[in-house]
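Before any comments, here is the structure.
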Amino acid sequence: MLIRLGTRGSLLARWQADWTADALRKLGYQVEIVAIKTSGDLYQDGPITNIGAPGAFTKEIQRALLDRTIDIAVHSLKDLPTESVDGLCLGAVPERGPHRDVFVSRTATTIDELPEGSVIGTGSLRRRTQILHRFGNRFRVEDVRGNVETRLRKLDEGQVQALILAEAGLVRLGFADRISSFLEPPDFLPAVGQGALGIEIRKDDSSTAIAVAAINDSPTFDAVCAERALLQTLQGGCLAPIGAFGRQENHRLSLHGRILSTDGSKMYEKTFSADSDESPQSLGIRLAKELLKDGADAIIEQLRK
């Protein structure tokens, strides 16, 4: 059986595609990798929020999946919008990789050691607001776009004094030695689905569903489903300042979620564990509703303006 695998063309996306292809080949499948340009790849100037609607890194790949140009789409799960696309579904989520944010600097080991007024680069509103919430105006937080290599070059050239990046990207591309320190939960929560791969398929493709099910990791799948249900219920979109992390604790699924105002002055967060008969999606919805009740609804309303 030949499986055509669609992916973005960046180095990190190709790593993810190659990993998935190798896993399927070990199971006896033939895999052809098809690189697809996305809006997010074509737009490299300014904040990612300027691109517009969610799906900047996924829509073209999903279109190719619906057109049957490819059979599976491999996404960074944090880039995959929670809004379902008719005819498509999440077929598998392999075991989650490194999930944390990391601090990268040539002059400081930790973010706490960074001198006041230093410029920290990040393309993420979630990371920006968590820095603002914890440190106030101690640092300047500026938008930095581009692939991992581009961001590291800007650091090396002195355009910024530090970067906040995803641990997974640095590790997978061989830049783990650039990590100065880890930004651990609960101080810094990762994005929904961070560190996980999402393998999307057509709902009517039972043969491919069977193939990808063999590389699914059930604990990871449940955790990210809870995170994505939280995000969808909050209706903040994948670019909103929302962090979440689900994991198995004492044989129960635990979910920690938070949302911050854009200036970092307000933060609402909770940690819930699933009841014995509760689905991951129900857990995420329940936590989101509590955050909205506490005051997160005002933040969501502001984001929509």
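The values are calculated or read from the model by the stated rules, or taken from the named source; none is laboratory data. A quick note: this is a predicted structure, and the numbers were derived from the prediction, not measured. Note that each Cβ is placed from the backbone with ideal geometry, even for glycine, and that neighbours are counted across all protein chains shown. Surface accessibility is based on the protein's heavy atoms, side chains included, excluding ligands, DNA and RNA. Shrake-Rupley method; radii C 1.70, N 1.55, O 1.52, S 1.80 Å.
Evaluated with a Cβ-only charge set (Lys, Arg +1; Asp, Glu -1), the chain carries a dipole of roughly 400 debye about its Cα centre, given to the nearest 20. For the chain, carbon and sulfur atoms together expose 46% of the accessible surface, with a 1.4 angstrom probe and every protein chain in place. The candidate values were [x] 58, 46, 39; [y] 64, 39, 34; [z] 76, 58, 31; the one computed from these coordinates for Cα extents along the principal axes in Å carries the label [x]. In order along segment 287-292, phi translates into HN-Hα couplings of 5, 4, 5, 5, 5, 5 Hz, rounded to whole numbers, per the Karplus curve 6.51 cos²θ - 1.76 cosθ + 1.60 with θ = phi - 60° and x for Gly and Pro. Which distance in Å, rounded to a whole number, links the C-alpha centroids of segment 238-264 and segment 103-117? Spelled out, the Cα-based centre of one part sits 25 Å from the other. Remark: segment 159-174, residue by residue, has Karplus-estimated 3J(HN,Hα) of 5, 9, 9, 7, 10, 10, 10, 7, 4, 4, x, 5, 5, 5, 9, x Hz, where x stands for each Gly or Pro and the curve is 6.51 cos²θ - 1.76 cosθ + 1.60 at θ = phi - 60°.
Considering only DSSP states other than H, G, I, E and B, which trypsin sites (Lys or Arg not before Pro) in segment 68-156 qualify as loop sites with at most 14 other Cβ atoms within 10 Å? The qualifying sites are R68, R106. DSSP finds beta bridges in the chain, and of those with both partners inside it, around 70 percent are antiparallel. Rolling a 1.4 angstrom probe over the protein heavy atoms with all chains in place gives segment 99-210 an accessible area of 40 Å² per residue. Per residue of the chain, the DSSP helices (runs of n ≥ 4 H) give a summed -39500 (n - 2.57) that works out to -9500 deg cm²/dmol at 222 nm. Each residue of segment 140-146 is assigned a 3J(HN,Hα), and the resulting list reads 9, 10, 10, 6, 10, 10, x Hz, derived from the Karplus form 6.51 cos²θ - 1.76 cosθ + 1.60 (θ = phi - 60°), x at Gly and Pro.
When the chain is described by a simple charge dipole with +1 on each Lys and Arg Cβ and -1 on each Asp and Glu Cβ, the residue from C89, N147, G246 located farthest towards its positive end is N147. When the listed pairs K203/K305; K78/K270; K203/K293; K154/K203; K78/K266; K78/K305 are checked against a 31 Å cut-off, the alpha-carbon distance exceeds it for K203/K305; K203/K293; K154/K203.
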